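A.B. asks: Can you read through this structure? Questions will come right after.
Just so it is clear, none of the values below were taken in a lab; they were calculated from the coordinates. Note that the coordinates shown come from a computational prediction; the quantities given were computed from them, not determined experimentally. Neighbour counts are summed over all protein chains in view; Cβ atoms, including those assigned to glycine, are modelled from backbone coordinates with ideal geometry.
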Amino acid sequence: MSLSRQEMARIVARDIPDGSYVNLGIGQPTMVADYLRAGSGVILHTENGMLGMGPPATSDRIDPDLTNAGKQPVTELPGASYFHHADSFAMMRGGHLDICIMGAFQVSAAGDLANWSTGAPDAIPAVGGAMDLAIGAKQVFVMMTLFAKDGKPKLVPSCTYPLTGKACVSRVYTDVATFVLDDGGARVTETFGISFDELAARLDVPLIRR
Amino acid sequence: MTATEMSALDAVAAVQDGDTVLVGGFGMAGMPVELIDALIEHGAGDLTIVSNNAGNGDTGLAALLAAGRVRKVICSFPRQSDSWVFDGLYRAGKIELEVVPQGNLAERLRAAGAGIGGFYTPTGVGTPLAEGKETRVIDGREYVLESPIPGDVALIRAYVADRMGNLVYRKTARNFGPVMATAAAVTVAQVSRIVEIGELDPEVIVTPAIYVNRLVLPGSAVRRTEVTS
């Protein structure tokens, strides 16, 4: 059985070392927070200027001055800190964040990331903090379905969509397999409802059995 | 010179046609809505707006765009679920857009305020947003040269000011305020409260008064108090 979005989030959360400083991208990566073990000591960074971000805010705890990168109301945990945008991105660019988790349209076997634009001529370009995160965090984990709706693989020999960053992705978590990308190529560390051989047959990327 | 407390309309009178205006905020957090409303009333046009987003809904920045006052937007993320005003103008070819990675936007503003003529950053290397820009390999890593973004006027929102113009912010509403305050010739801060000099702990001031020229309290459309000392 392939993994649900929740199961993918649980597996990513499992692989985050205790005490890591982590940035969760907008959308599916946000769900990873729900699966972090209590007491893990993982500290969440949000690009709009906060470390120690807590869970989403509800009802009377909603504060319009306290939001996450997706502009949703959130809460602060004890030990939280606030800082301005240049500091927040210096923190990223300077390699101080351990892990950032993002979605993707495509990832190449060399770790190139495409997740900000499909290059469609009528699309309005919008990049946000994706390019800064991609090259800044010590490790970039991608969460995505392995195949697009039309069946095309999203782990590819080289990205056809405009790049977000070059050689920046270290792991790819998908609904059917987890890949570690390193100098040797794409190493399959887990599969879910698919065999290694079937996976190898459906991807144009050389795979390494773990 | 200390900051001058004035009405929103008087404060934004510093903006002239063709100016580059830095507008604080990340979504609505830290957005100086009263100052933008006053800017619409003031009437300056042909503006270049530098802000993280390009307006939400029909108010604030979106209303300024809808009024046809903006020639160009420099931002990191114009497209949002409620950015219909910008989307319509962009698709109609009525507004220019420069998309900048968010960290480069912040650092280009910081550079402008810090007297830096440009900087090499790894952000954007190998992407369409670095095309045509000078690159350089430093210690084996490729970087792209980015230039400062100075503003004529910055419109920001802070939480509390003292009468000098020292500012503190509130939670994630701080965002672009501190760097924008340094990057403009004239900085206008919309604040929730103004306290007497000495009431803010010097250790917690985020933006020193040297960067702040004008203070505006919400609902102060008609009041005007010159403060000097």
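A.B. asks: Give me Rg/Rg_expected for the protein assembly as shown, where Rg uses Cα atoms only and Rg_expected = 2.2 N^0.38 Å with N residues. Please report the intermediate quantities before stating the final value.
C.D. replies: Numbers: Rg = 22.7 Å, N = 439, 2.2 N^0.38 = 22.2 Å.
Ratio of Rg to 2.2 N^0.38 Å for the protein assembly as shown: 1.02.
A.B. asks: While we're on this one: Pick out which of B:Glu96, B:Glu196, B:Glu146 has the largest mean-square fluctuation in a Gaussian network model of chain B, springs linking Cα atoms closer than 10 Å.
C.D. replies: Greatest mean-square fluctuation among the candidates belongs to B:Glu196.
A.B. asks: With r defined as the distance between the Cβ atoms of A:Arg37 and B:Asp17 and R0 fixed at 41 Å, what FRET efficiency is calculated, to the nearest 0.05? Show your work: numbers first, answer last.
C.D. replies: Numbers: r = 57 Å, r/R0 = 1.40.
So, using R0 = 41 Å, E works out to roughly 0.10.
A.B. asks: Based on Cα coordinates alone, diagonalise the gyration tensor for chain B, multiply each eigenvalue by 5, take square roots, and list the semi-axes in whole Å, largest first. It would help to have the intermediate numbers written out before the result.
C.D. replies: Working: eigenvalues 175, 102, 39 Å².
The answer is 30, 23, 14 Å, longest axis first.
A.B. asks: In addition: How much length would be gained if the chain were fully extended between A:Thr58 and A:Asp150, taking 0.36 nm per residue of separation minus their Cα-Cα distance, in nm to one decimal?
C.D. replies: Working: separation 92, 0.36 × 92 = 33.12 nm, distance 3.74 nm.
Computed gain between A:Thr58 and A:Asp150 is 29.4 nm.
A.B. asks: Just add up the charged neighbours of A:His84: K/R +1, D/E -1, any other residue whose Cβ is under 15 Å from the Cβ of A:His84. Provide the component values of the computation, followed by the final result.
C.D. replies: On the way: positive: A:Arg93, B:Arg108, B:Arg110, B:Arg157, B:Arg170, B:Lys171, B:Arg174; negative: A:Glu47, A:Asp65, A:Asp87, A:Asp132, B:Glu107.
Residues near A:His84 contribute +2 overall.
A.B. asks: Oh, and also: Going down the list A:Lys71/A:Lys149; A:Lys71/A:Lys166; A:Lys138/A:Lys166; A:Lys138/B:Lys171, which pairs span over 23 Å between their C-alpha atoms? Kindly include the intermediate steps, with their values, before the conclusion.
C.D. replies: Values: A:Lys71/A:Lys149 28 Å; A:Lys71/A:Lys166 28 Å; A:Lys138/A:Lys166 14 Å; A:Lys138/B:Lys171 26 Å.
Beyond 23 Å: A:Lys71/A:Lys149; A:Lys71/A:Lys166; A:Lys138/B:Lys171.
A.B. asks: Counting Lys and Arg as +1 and Asp and Glu as -1, what is the net charge of the other residues whose Cβ lies under 11 Å from the Cβ of A:Leu146? Please list the in-between numbers first.
C.D. replies: Details: positive: A:Lys152, A:Lys154, A:Arg202; negative: A:Asp175.
Result for the local shell: +2.
A.B. asks: So, one more: GNM, chain A, Cα, under 10 Å: largest mean-square fluctuation among A:Ile26, A:Ile101, A:Ile124?
C.D. replies: Comparing A:Ile26, A:Ile101, A:Ile124 in the GNM, the peak value goes to A:Ile124.
A.B. asks: What distance in nm separates the simple spin-label points at A:Ser2 and A:Ser81, each placed 7 Å from Cα in the Cβ direction?
C.D. replies: 4.2 nm
A.B. asks: Which one, A:Met31, A:Ala13, A:Met1, projects farthest toward the positive side of the charge dipole computed for segment A:1-103 from Cβ point charges (K/R +1, D/E -1)?
C.D. replies: A:Met1
A.B. asks: May I pose another question? Treat each spin label as a single point 7 Å out from the Cα along the C-beta direction, and report the B:Arg91 to A:Thr118 distance in nm.
C.D. replies: Simple spin-label model gives 1.5 nm for this pair.
A.B. asks: For segment B:151-161, just list the computed ³J(HN,Hα) in residue order, Karplus coefficients 6.51, -1.76 and 1.60, θ = phi - 60°, integers in Hz, with x standing in for Gly and Pro.
C.D. replies: x, 6, 9, 10, 10, 10, 10, 10, 9, 10, 10
A.B. asks: Oh, and also: Can you tell me what the convex hull of the Cα atoms of chain A projects to on average, as an area in nm²? Present the calculation step by step, with values, prior to reporting the outcome.
C.D. replies: Values: hull surface 50.2 nm².
With every direction weighted equally, the projected area is 12.6 nm².
A.B. asks: How about B:Lys94: which aspartates and glutamates have a C-alpha closer than 13 Å to its C-alpha, ignoring those fewer than 8 places off in the same chain?
C.D. replies: B:Asp46
A.B. asks: Go ahead and estimate [θ] at 222 nm for the protein assembly as shown from helices alone: -39,500 (n - 2.57) per DSSP H run with n ≥ 4, summed, over the residue count, rounded to 500.
C.D. replies: Working: 10 runs with 81 residues, N = 439.
So the calculated ellipticity at 222 nm is -5000 deg cm²/dmol.
A.B. asks: Which value, in debye to the nearest 20, gives the size of the charge dipole of the protein assembly as shown about its Cα centre, when Lys and Arg are +1 and Asp and Glu are -1 at the Cβ? Mind showing how you got there, number by number?
C.D. replies: Details: 37 positive and 48 negative charges, 136 e Å.
That gives a dipole near 660 debye.
A.B. asks: Once amide H atoms are built 1.01 Å from N in the peptide plane, which residues 5 or more positions from A:Leu3, or in another chain, come under 5 Å H to H?
C.D. replies: The list, which skips near neighbours in sequence, is A:Val176.
A.B. asks: Which of these, A:Glu47, A:Glu76, A:Glu198, has the largest mean-square fluctuation under a Gaussian network model of chain A (Cα springs below 10 Å)?
C.D. replies: Most flexible of the set in this elastic network: A:Glu198.
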